[in-house]
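Have a look at the structure that comes next, please.
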Amino acid sequence: MDFSYSAKVEQMRAHLQAFFDRHITPNEARVEEEIAANRRAGNPWVPIQLFEELKAEARAQGLWNLFLPHSDRAPEGLSNLEYAPLCEIMGRTGWAAEIFNCSAPDTGNMEVLERYGSEAQKDQWLEPLLEGKIRSAFLMTEPAVASSDATNIECSIDRDGDDYVINGLKWFSSGAGDPRCKIYIVMGKTDPDEHKHRQQSMILVPAHTPGIEIVRPVSVFGYDGAPHGHMEIRLTNVRVPASNILLGEGRGFEIAQGRLGPGRIHHCMRTIGVAERALEALCQRISSRIAFGRRISEFSIWHERVADARCMIEQARLLTLKAADMMDKVGNKAARGEIAMIKVVAPNMALQVLDWAIQAHGGAGVSGDFFLAHAYAGVRTLRLADGPDEVHRGTIARLELARHAVLAKPIE
């Protein structure tokens, strides 16, 4: 296995880092201030004007749609292995990926449209998403059922002549708070009597279709996520053309599996960046503070934590790269074990590094004065998003048991 970066990727890393140092990091405080000002004015769901300016600059520099490999519509897309170190840089600031049109849930939705959409669906929705003109949301999770098991989904998608009629309640619909969100991909049941993995379908629903009600933003550890947001959405007799179905009835579970593989590893790539930044903050803090007559960095417990953090980050990065390499070479299905492993490992690793960084900052670590508390909330969510740890551990265990399968003796 050779995970060394090609000359092309090294050049792009330097290019992206320079863009980051010039345009992203210096504007973090400005973005927070603008969101706070919009909230005080009574409407936090206002797009950040600076983002549009930076997007234009990123696109002009060729730092655009890097996540989507093997696409004629996005020829700038990289392989998963090539994209990994670039996505890691983007992960250092929560909103940075949007500047390069590489943020969730748009990336996953563009993957779905590219892989499973008709040419007409691609023309109508994929093209404006690739151009960054609109945004999107993915409506899968439901509050009334354990959505970690997608077969539990209750939202109904019923055929009525040339239309489908949709009824259901969704939540954690990330991105639906943004006024630029124009299209939802909705997962629901078209035939509850079919085999459990053929009951579900996915359908395209324009965001302003009659019958859609945004009930509320769902907060995450008290953060509303504005102007992106994680919304609770009620769909009541929402009617869309039958041509809006993706791939055909009963293919929703199949599409979900195809969508979530890249989405999971993109989260993990960004999480490595979060952990790197947290470790930097930890080291800077303990090197600059005096306690009991000594620099905090002189206490051996912090030597242990810094060393452990570095080991954990490197281990997680290598597993991320292995999973990305396998996705490129053998496909998402064959790489499902590695995807499941990194989806467990990366968030848990980053949470531990963030926790140590928060501890190093004392009371300031849990305040809003540093990025740590907000980052912790976001990373903790990833232990649930795109499948909880328990589901991924179940996948890993089943694959491992299958490798070592033996016939047990009958119980007497």
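The numbers here are math on the coordinates, done by the rules we state, and not lab data. Please read these numbers as outputs of a predicted model, since none were measured by experiment. Quick reminder, even Gly has a Cβ in these numbers, built from the backbone with ideal geometry, and neighbours come from all protein chains shown.
Please identify the trypsin sites (Lys or Arg not before Pro) of region 363-398 that satisfy two criteria: DSSP loop assignment and at most 10 other Cβ atoms within 10 Å. Which are they?
none
For region 183-194, take each phi angle, set θ = phi - 60°, evaluate the Karplus expression 6.51 cos²θ - 1.76 cosθ + 1.60, and give the result in whole Hz per residue in order, putting x for glycine and proline.
Computed from phi, the couplings for region 183-194 are 9, 10, 9, 10, 9, x, 9, 9, 8, x, 9, 6 Hz.
Pick out which of ASN152, ASN65, ASN101 has the largest mean-square fluctuation in a Gaussian network model of the chain, springs linking Cα atoms closer than 10 Å.
The residue that fluctuates most here is ASN152.
Using the number of other C-beta atoms within 10 angstrom as an exposure proxy, rank VAL274, VAL31, VAL205 with the fewest first.
If I rank by nearby Cβ atoms, fewest first, I get VAL31, VAL205, VAL274.
Between ASP72 and PHE221, what length comes free when the chain is fully extended (0.36 nm per residue of separation minus the Cα-Cα distance, one decimal in nm)?
Fully extending the segment from ASP72 to PHE221 adds 49.6 nm.
Put a dot 7 Å past each Cα toward the Cβ at ARG159 and GLN11; how far apart are the dots in nm?
Going by the 7 Å Cα→Cβ label model, 5.2 nm.
Okay, helix-only estimate at 222 nm for the chain: each DSSP H run of n ≥ 4 adds -39500 (n - 2.57), divide by all residues, round to 500 deg cm²/dmol; what do you get?
Result for the chain, helices only: -15000 deg cm²/dmol.
Where a Cα-Cα gap under 18 Å defines reach, which aspartates and glutamates qualify for LYS122, not counting those fewer than 8 residues away within the same chain?
Answer for LYS122, where 18 Å is the Cα cut-off: ASP72, GLU76, ASP106, GLU111, GLU114, GLU131, listed by chain and number.
Then there is this: Tell me the chymotrypsin sites (Phe, Trp or Tyr not before Pro) within region 267-331 that lie in a loop according to DSSP and have at most 13 other beta-carbon atoms within 10 Å.
Listed in order of number, the matching sites are PHE292.
Specify the residue with the greatest mean-square fluctuation among ALA58, ALA323, ALA397, computed from a Gaussian network of the chain linking alpha-carbon atoms under 10 Å apart.
ALA397
Still on this structure, I have one more. Just check region 135-248 against the gyration tensor rule for me: Cα atoms, a ≥ b ≥ c as the square roots of the eigenvalues, rounded for a/c under 1.5, and otherwise prolate or oblate depending on whether a/b exceeds b/c.
oblate
Take the alpha-carbon centre of region 47-112, take the same for region 315-333, and report the distance between them in whole Å.
19
Karplus couplings for region 131-138 from phi (6.51 cos²θ - 1.76 cosθ + 1.60, θ = phi - 60°), rounded to Hz, Gly and Pro as x?
Along region 131-138, the couplings run 7, x, 7, 9, 10, 8, 9, 10 Hz.
How many angstrom lie between the Cα centre of region 350-395 and the Cα centre of region 140-155?
25
Could you state the number of Å between the C-alpha centres of region 213-281 and region 162-193?
A separation of 11 Å, based on Cα centres.
Non-local amide H neighbours of ASP163 (under 5 Å, H modeled in plane, Pro and chain starts lacking H): which ones?
Counting only residues 5 or more places away or on other chains, the set is ALA242.
What net charge do the residues around ALA309 carry, taking every other residue with its C-beta under 12 Å from that of ALA309, with Lys and Arg at +1 and Asp and Glu at -1?
That sum, taken over residues with Cβ under 12 Å, equals -3.
Determine the alpha carbon to alpha carbon distance for each of LYS133/LYS196; LYS55/LYS196; LYS189/LYS343; LYS55/LYS343; LYS182/LYS343 and list only those over 32 Å.
Violating the 32 Å limit, Cα to Cα: LYS133/LYS196; LYS55/LYS196.
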